[in-house]
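A.B. asks: Below you'll find the structure I mean.
The values are calculated or read from the model by the stated rules, or taken from the named source; none is laboratory data. In this text, all values refer to a predicted model and were calculated from it rather than measured experimentally. No Cβ is skipped: glycine too gets one built from the backbone with ideal geometry, and neighbour counts run over all protein chains shown. Calculation scope for accessible area: heavy atoms of the full protein, side chains included, ligands and nucleic acids excluded. Shrake-Rupley method; radii C 1.70, N 1.55, O 1.52, S 1.80 Å.
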Amino acid sequence: MSALLEVEGLRVRFNSRAEAVRGVSIAVNKGETHCLVGESGCGKSVSSLAIMGLLAKGGQRTADRLAFGGQDLRGLSERAMSRLRGDRMAMIFQEPMTSLNPAYTIGSQMAEVLTRHRGGSRRAALDRAASLLGRVGITAPGMRLAQYPHQLSGGLRQRVMIAMALMCDPELLIADEPTTALDVTVQAQILRLLMELQRELGLAILLITHDLGIVARMADRVSVMYAGEVVESATAGALFAAPSHPYTRGLLACVPIPGTIARGAALGSIPGTVPRIALGFQGCGFRDRCALADASCAGAVPVQRRAAGHEYACRLEPGWGERALGERALGEQA
Amino acid sequence: MLIFIARRLLLAVLVTLTVLTASFALTRLSGDLAISIAGPQATSEDIEIIRKAYGLNRPVVVQFGDWVVSAATGDLGRSYLYHEPVARLIAARMPTTLTLGLCGLVVALGIALPLGILAAMREGSLMDRGIMMVAVVGQAMPTFWLGLLLVIIFGLKLGWLPISGADEWDGFVLPAFVLGFSAVPALMRLTRSGMVDALASDYIRTARAKGLSRAAIVLKHAARNAAMPVVAVAAVQLGFMLSGSVVIEGVFALHGVGYLAWESISKNDFPVVQAVVLFLAVIYIALTVLADMLNAFLDPRLRTQ
Amino acid sequence: MAGLLGVLIVAGVALMAVLAPWITPYDAFAQDLTMRMIPPAFMEGGRPDHLFGTDQLGRDYLSRLIYGARISMLIGVATVITSGLIGITLGMLGGFIGGRVDMVVMFIITCRLSIPLILVALAVVSLVGSSLTVVVMTLGLLLWERFAVVTRTTVMQVRTLDYVAAAWAAGCSRTHILLREVLPNIVHHLVVVATLEMAIAILLEAALSFLGLGVPPPLPSWGLMISEAKDYMFFSPWVIMVPGISLFVLVLGINFMGDALRDRLGASREA
């Protein structure tokens, strides 16, 4: 059975010199959470906007395959695309403070999603909005419907955004750093809510984040992005058990994940920043920051398959450095 | 909200009082009124008679107090020229000027809003640049000259519209257009920049993510937020248009308040000048208060505080 | 592109204004009743010795046009200087000192905006008696509010910046900070306002003169030329076209220049 969302060879460029996304492939299955993880500037948000057809002015999208529920999205007109958005595929954003229109009530903004896609009365739409607000854990939903965004806290606004995204029972929810702008305690609540909703509604979630802690809690599958490319893709278990791209390992070394790092050991860091990749760039985008790079990294990068469903793009073959890792772990135990 | 309204009204009253003083001072301090009224041929006895007859021999403070008190009770004095109460003169001329101003506003908004929105939607395109060029050109056009040109074209060459006067509705077409056109550049720039900002905002991305139609995105979500500065400036522009009617009514020989003022100025009929200045200022002040209220109504952040 | 055109237009008119006595083909004030209402040379009935024809009193239109440039430029520049002095002073007071002083400045600006501009200008000119000086002074005293508003806002922005704080810390005097630290950093905004203001002053003078209460005849103000010619415009439209187009082109040039300056200097140009 094919995946709900299939993306192959997605490319996005904003001007003629640089490419923000360089051939990204992702597949999101029904009911699973797929995390797209990477540093800021790696192209993960742009990829998600490109999938939704929400690129800012001047953004050009090409793809070898871009299908949702088997339907090709590439040739779809803006009008046809807008029929899908908010209905079968919904999206929430990083900035809950500014993502709601300050001039309209919560109720009006929620109701228009349903009336747009399903028709029906405004009254019925408001009823559904109220019940969804209750579902996302907002007390006194009837009162909230009449309120304006500025009267709500950031956490509440993000709950409203989630409830609004659920108005038409979408099959796919794209969540672009949904908790980054929120307090840590609120973050946890929102993430728990997303997990509950997914279980209940059989929702597929494409979660964009830079936080590996969130990935560890939420993900079924993970795609690691670097400089506009997916460098490694695996199930969450496989990725944390056997990270295979030097960048993934670098990332994991930066984060204290219980059980993988000993108390008192120094956290790692990756020197340098994500480069801007010029058009026509060849080879591995990570090679300037990679301690293991050699001359061959400037050439074509092979895709290695470590196990079924676990692939990474690197010259190093599966199993590289694992002895060294093992020895380090042993040494730390001793 | 109530405090906001109260403060706004207090400010309006203070401004009105100041303008009242200024318009009085204007006619007293810039020369000897009696000499101006009497005209160049008058002897010094004539001037003395006039001074007594109009009460100009009293101390300035007394004259001022007198004027303020009577102005507050709606008595704006009597015209030297028409020998009629000024209030009645203004009331008789007001419908013409008000019609002209409101039609002008409709014309201005009717041109500025669609073009401004269109330019913002196609920001940076050839159409955007073309529309902004209209604004620059419009700003450079002397209104009275544009009026004369249109009279020649539509009144004389094509014969579609009357050359002057407004006995029928069609007499208002050209003056209203010219008056409105003078307010187009400012309103259009503002509409465009407001819409450009609004269209680039996060809530528009949300609206798109919800799959709303293009019309709903632009006209409902963006325009509502771009409207607030436009409302404020539209009110100000209407005020400017009413005082700009002096020129337009002169060009088209429309007998409104502006024409009355011009006539009174040329014939040294100072009670009328004083009153019209005050009257137009009060209308302007009222319009800005109205715009603030309208904005408070449009912006829930102001309304609910 | 448009900016360059604007500079060329303004420079051309300025040059005309300065050189007027030497480049006019005729005396701009000399009447010749045998040579009235001759159309421009390029129109039917025109004569090559009067390029833009003659007016209702037989005065050479080109010569009057060139002298008119003098009046327009003089009005524009003088008004900008007077209104600039008033507006910038008020704006600096309000923006730099803040508090009560700022409230007073804002109040004065609000009052000024409430006064019907053209009407008061007409009344003042009529009362004091029309002359070039009176028109310049009147416009200068009435057109300062944009200077004040822009100065006030930009001073407020600059006031909080680090280099101003550093100057305070170094013990510089208030005057020193205002003139040496603040003013140079808002001057680009003021230049843009100046162009806008110049355009408005020129248009306003033309309107006043058109209504017969601006520059007194026989001075050849472009607005006055249109006013004097309008009785003849139905038979010979060119009589209002020549001064009208001149006015339009000059103001357009100034606006082009202002827009280009705004883009170049990164200043805002709120109307």
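A.B. asks: Do we have A:Phe281 as aromatic (Phe, Trp, Tyr) and at pLDDT 80 or above here? I'd like the intermediate steps shown before the answer.
C.D. replies: Working: aromatic (Phe, Trp, Tyr): yes; at pLDDT 80 or above: no.
So A:Phe281 fails the test.
A.B. asks: Out of all the residues in the range B:240-261, which are farther than 21 Å from C:Leu142 by Cα and either touching a strand residue (DSSP E or B) at 6+ places or on another chain (Cβ under 6 Å) or among the hydrophobic types (A, V, I, L, M, F, W, C) (or both)?
C.D. replies: So the first thing to find is which residues in the range B:240-261 are farther than 21 Å from C:Leu142 by Cα, and the list is B:249-257, B:259-260.
Residues satisfying the conditions are B:Val251, B:Phe252, B:Ala253, B:Leu254, B:Val257, B:Leu260.
A.B. asks: So, one more: Please determine whether any residue of the range B:254-267 is farther than 16 Å from C:Leu113 by Cβ, modelled with pLDDT under 85 and surrounded by fewer than 21 Cβ atoms within 10 Å (Cβ to Cβ).
C.D. replies: yes
A.B. asks: Could you check how many residues of the range A:91-107 are more than 7 Å from every other protein chain (Cβ to nearest Cβ) and within 17 Å of the chain's Cα centre (by Cα)?
C.D. replies: Taking the range A:91-107 as the starting set, the residues that turn out to be more than 7 Å from every other protein chain (Cβ to nearest Cβ) are A:92, A:94, A:96-97, A:104-107.
With within 17 Å of the chain's Cα centre (by Cα) added as a condition, the list becomes A:92, A:94, A:96.
The total comes to 3.
A.B. asks: Report the residue count in the range A:83-141 for those that are hydroxyl-bearing (Ser, Thr, Tyr) and without any contact (Cβ under 8 Å) to a residue 40 or more places away in the chain. Break it down stepwise before answering.
C.D. replies: To start, the set of residues in the range A:83-141 that are hydroxyl-bearing (Ser, Thr, Tyr) comprises A:98-99, A:104-105, A:108, A:115, A:121, A:131, A:139.
Next cut, without any contact (Cβ under 8 Å) to a residue 40 or more places away in the chain only: A:98, A:108, A:115, A:121, A:131, A:139.
Qualifying residue count, the range A:83-141: 6.
A.B. asks: For B:Thr143, are the conditions met, namely being in contact with a His (Cβ under 8 Å, 6 or more places away or on another chain) and either closer than 30 Å to C:Leu224 by Cβ or within 14 Å of chain C (Cβ to nearest Cβ) (or both)? Working first, answer last.
C.D. replies: Details: in contact with a His (Cβ under 8 Å, 6 or more places away or on another chain): no; either closer than 30 Å to C:Leu224 by Cβ or within 14 Å of chain C (Cβ to nearest Cβ) (or both): yes.
No, not satisfied.
A.B. asks: Looking at B:Val246, B:Val257, which one is within 14 Å of chain C (Cβ to nearest Cβ), under 20 Å from C:Ser114 (Cβ atoms), touching a Lys or Arg at 6+ places or on another chain (Cβ under 6 Å) and not aromatic (Phe, Trp, Tyr)? Lay out the reasoning, then the answer.
C.D. replies: Details: B:Val246 fails: touching a Lys or Arg at 6+ places or on another chain (Cβ under 6 Å).
After ruling out the rest, the residue left standing is B:Val257.
A.B. asks: Do we find a residue being hydrophobic (A, V, I, L, M, F, W, C), within 14 Å of chain B (Cβ to nearest Cβ), within 23 Å of A:Glu232 (Cβ to Cβ) and not in a loop (DSSP other than H, G, I, E, B) anywhere in the range A:38-48? Steps first, please.
C.D. replies: Let us first name the residues in the range A:38-48 that are hydrophobic (A, V, I, L, M, F, W, C), namely A:42, A:46.
From the residues that got through so far, the ones that are within 14 Å of chain B (Cβ to nearest Cβ) too are A:46.
Add one more test, that the residue is within 23 Å of A:Glu232 (Cβ to Cβ), and what stays is A:46.
So of that shortlist, the ones also not in a loop (DSSP other than H, G, I, E, B) come out as A:46.
Looking for residues that are hydrophobic (A, V, I, L, M, F, W, C), within 14 Å of chain B (Cβ to nearest Cβ), within 23 Å of A:Glu232 (Cβ to Cβ) and not in a loop (DSSP other than H, G, I, E, B), one finds at least one in the range A:38-48, hence yes.
A.B. asks: Name the residues in the range C:190-235 that are within 11 Å of chain B (Cβ to nearest Cβ) and not in a helix (DSSP H, G or I), would you?
C.D. replies: C:Leu211, C:Gly212, C:Leu213, C:Met233, C:Phe234, C:Phe235
A.B. asks: Next up: In the range B:151-187, what count of residues is obtained for those that are away from every other protein chain (no Cβ under 12 Å) and either under 22 Å from C:Ala206 (Cα atoms) or of a type in the set (Phe, Trp, Tyr) (or both)?
C.D. replies: Within the range B:151-187, residues that are away from every other protein chain (no Cβ under 12 Å) and either under 22 Å from C:Ala206 (Cα atoms) or of a type in the set (Phe, Trp, Tyr) (or both) number 12.
A.B. asks: Okay, moving on. Out of all the residues in the range B:188-225, which are among the hydroxyl-bearing types (Ser, Thr, Tyr) and more than 11 Å from chain A (Cβ to nearest Cβ)?
C.D. replies: Restricting attention to the range B:188-225, the residues satisfying the condition of being among the hydroxyl-bearing types (Ser, Thr, Tyr) are B:191, B:193, B:201, B:203, B:206, B:213.
Matches in the range B:188-225: B:Thr191, B:Ser193.
A.B. asks: Within the range A:171-203, how many residues turn out to be within 14 Å of chain B (Cβ to nearest Cβ), surrounded by 23 or more Cβ atoms within 10 Å (Cβ to Cβ) and assigned to a loop (DSSP other than H, G, I, E, B)?
C.D. replies: 1
A.B. asks: Against the definition (surrounded by fewer than 23 Cβ atoms within 10 Å (Cβ to Cβ), closer than 22 Å to A:Gly280 by Cβ and among the acidic types (Asp, Glu)), how does A:Glu32 come out, yes or no? Explain how you work it out, then say what you get.
C.D. replies: Numbers: surrounded by fewer than 23 Cβ atoms within 10 Å (Cβ to Cβ): yes; closer than 22 Å to A:Gly280 by Cβ: no; among the acidic types (Asp, Glu): yes.
The answer is no for A:Glu32.
A.B. asks: In the range B:9-55, how many residues are assigned to a loop (DSSP other than H, G, I, E, B), surrounded by fewer than 13 Cβ atoms within 10 Å (Cβ to Cβ) and either modelled with pLDDT of 80 or more or within 12 Å of chain C (Cβ to nearest Cβ) (or both)?
C.D. replies: Of the range B:9-55, the ones assigned to a loop (DSSP other than H, G, I, E, B) are B:30-32, B:39-43, B:54-55.
So of that shortlist, the ones also surrounded by fewer than 13 Cβ atoms within 10 Å (Cβ to Cβ) come out as B:39-41, B:43, B:55.
Filter again for either modelled with pLDDT of 80 or more or within 12 Å of chain C (Cβ to nearest Cβ) (or both), leaving B:40.
The number of residues fulfilling the criteria is 1.
A.B. asks: Another question about this same structure. Which is modelled with pLDDT of 90 or more and either charged (D, E, K, R) or within 21 Å of the chain's Cα centre (by Cα) (or both), of A:Arg159, A:Arg123, A:Arg135? Don't jump to the end; show me each part of the working.
C.D. replies: Details: A:Arg159 fails: modelled with pLDDT of 90 or more; A:Arg135 fails: modelled with pLDDT of 90 or more.
None of the other options fit; the residue is A:Arg123.
A.B. asks: Restricting attention to the range A:1-30, which residues are assigned to a strand (DSSP E or B) and aliphatic (A, V, I, L, M)?
C.D. replies: Going residue by residue through the range A:1-30, those that are assigned to a strand (DSSP E or B) are A:5-13, A:18-28.
Across the range A:1-30, the qualifying residues are A:Leu5, A:Val7, A:Leu10, A:Val12, A:Ala18, A:Ala20, A:Val21, A:Val24, A:Ile26, A:Ala27, A:Val28.
A.B. asks: Does C:Leu62 meet the test of being away from every other protein chain (no Cβ under 14 Å), modelled with pLDDT under 85, under 30 Å from C:Trp238 (Cα atoms) and open to solvent by 30 Å² or more (accessible area, probe 1.4 Å)? Before you say what the answer is, go through the steps one by one.
C.D. replies: Details: away from every other protein chain (no Cβ under 14 Å): yes; modelled with pLDDT under 85: yes; under 30 Å from C:Trp238 (Cα atoms): yes; open to solvent by 30 Å² or more (accessible area, probe 1.4 Å): yes.
Yes, satisfied.
A.B. asks: Could you check how many residues of the range C:2-47 are surrounded by 16 or more Cβ atoms within 10 Å (Cβ to Cβ), without any contact (Cβ under 8 Å) to a residue 40 or more places away in the chain and within 17 Å of C:Phe256 (Cβ to Cβ)?
C.D. replies: The total comes to 0.
A.B. asks: Right, next: Could you give every pair whose Cβ atoms fall below 9 Å, whose first residue belongs to the range B:221-237 and is farther than 21 Å from A:Pro149 by Cα, and whose second residue is outside any helix (DSSP H, G or I), counting only separations of at least 6 or pairs across chains?
C.D. replies: Within 9 Å, the pairs are B:Val233/C:Ala271.
A.B. asks: Still on this model: Output the residues belonging to the range A:50-80 that are within 14 Å of chain B (Cβ to nearest Cβ), without any contact (Cβ under 8 Å) to a residue 40 or more places away in the chain and touching a strand residue (DSSP E or B) at 6+ places or on another chain (Cβ under 6 Å).
C.D. replies: A:Leu73
A.B. asks: Against the condition open to solvent by less than 10 Å² (accessible area, probe 1.4 Å) and within 29 Å of A:Thr273 (Cβ to Cβ), how does A:Leu49 come out, does it pass? First the steps, then the outcome.
C.D. replies: Numbers: open to solvent by less than 10 Å² (accessible area, probe 1.4 Å): no; within 29 Å of A:Thr273 (Cβ to Cβ): yes.
Against the criterion (open to solvent by less than 10 Å² (accessible area, probe 1.4 Å) and within 29 Å of A:Thr273 (Cβ to Cβ)), A:Leu49 does not qualify.
A.B. asks: May I ask you to say which residue of C:Gly99, C:Gly87, C:Gly53 is open to solvent by less than 10 Å² (accessible area, probe 1.4 Å), away from chain B (no Cβ under 14 Å) and over 18 Å from C:Thr138 (Cβ atoms)? Please lay out each step first, then the result.
C.D. replies: Working: C:Gly99 fails: open to solvent by less than 10 Å² (accessible area, probe 1.4 Å); C:Gly87 fails: over 18 Å from C:Thr138 (Cβ atoms).
Going through C:Gly99, C:Gly87, C:Gly53 in turn, the sole match is C:Gly53.
A.B. asks: I'd like to check which helices (runs of 4 or more DSSP H) are fully inside the range A:66-170 and have at least 1 residues that are surrounded by fewer than 23 Cβ atoms within 10 Å (Cβ to Cβ) and among the aliphatic types (A, V, I, L, M).
C.D. replies: A:78-84, A:122-135, A:141-145, A:154-165
A.B. asks: Quick one: which of A:Gly202, A:Gly213, A:Gly228 is free of Cβ contacts under 8 Å to residues at least 60 places away in the same chain and of a type in the set (Gly, Ala, Ser)? It would help to see each step written out before you state the result.
C.D. replies: On the way: A:Gly202 fails: free of Cβ contacts under 8 Å to residues at least 60 places away in the same chain; A:Gly228 fails: free of Cβ contacts under 8 Å to residues at least 60 places away in the same chain.
Within the list A:Gly202, A:Gly213, A:Gly228, the selection yields A:Gly213.
A.B. asks: Oh, and also: So B:Trp262 passes all but one of these: (1) closer than 27 Å to B:Leu14 by Cβ; (2) within 11 Å of chain C (Cβ to nearest Cβ); (3) without any contact (Cβ under 8 Å) to a residue 40 or more places away in the chain. Which condition number does it fail?
C.D. replies: If we test B:Trp262 against (1) closer than 27 Å to B:Leu14 by Cβ; (2) within 11 Å of chain C (Cβ to nearest Cβ); (3) without any contact (Cβ under 8 Å) to a residue 40 or more places away in the chain, just (1) comes out false.
A.B. asks: What's the total number of residues in the range C:236-252 that are of a type in the set (A, V, I, L, M), under 20 Å from the mean Cα position of the chain (by Cα) and facing chain B (nearest Cβ under 7 Å)?
C.D. replies: Step one: list which residues in the range C:236-252 are of a type in the set (A, V, I, L, M), which gives C:239-242, C:245, C:247, C:249-252.
Subsequent filtering for residues that are under 20 Å from the mean Cα position of the chain (by Cα) retains C:242, C:245, C:247, C:249-252.
Subset that is facing chain B (nearest Cβ under 7 Å): C:247, C:251-252.
Of the residues in that region, 3 qualify.
A.B. asks: From the list C:Leu141, C:Leu178, which one is under 29 Å from C:Val13 (Cα atoms), part of a helix (DSSP H, G or I) and aliphatic (A, V, I, L, M)?
C.D. replies: Numbers: C:Leu178 fails: under 29 Å from C:Val13 (Cα atoms).
Selected residue: C:Leu141, the only one of C:Leu141, C:Leu178 that is under 29 Å from C:Val13 (Cα atoms), part of a helix (DSSP H, G or I) and aliphatic (A, V, I, L, M).
A.B. asks: Quick check on B:Leu298: is it among the hydrophobic types (A, V, I, L, M, F, W, C), away from chain A (no Cβ under 14 Å) and open to solvent by 20 Å² or more (accessible area, probe 1.4 Å)?
C.D. replies: Numbers: among the hydrophobic types (A, V, I, L, M, F, W, C): yes; away from chain A (no Cβ under 14 Å): no; open to solvent by 20 Å² or more (accessible area, probe 1.4 Å): yes.
No; evaluated as a whole, the condition is false for this residue.
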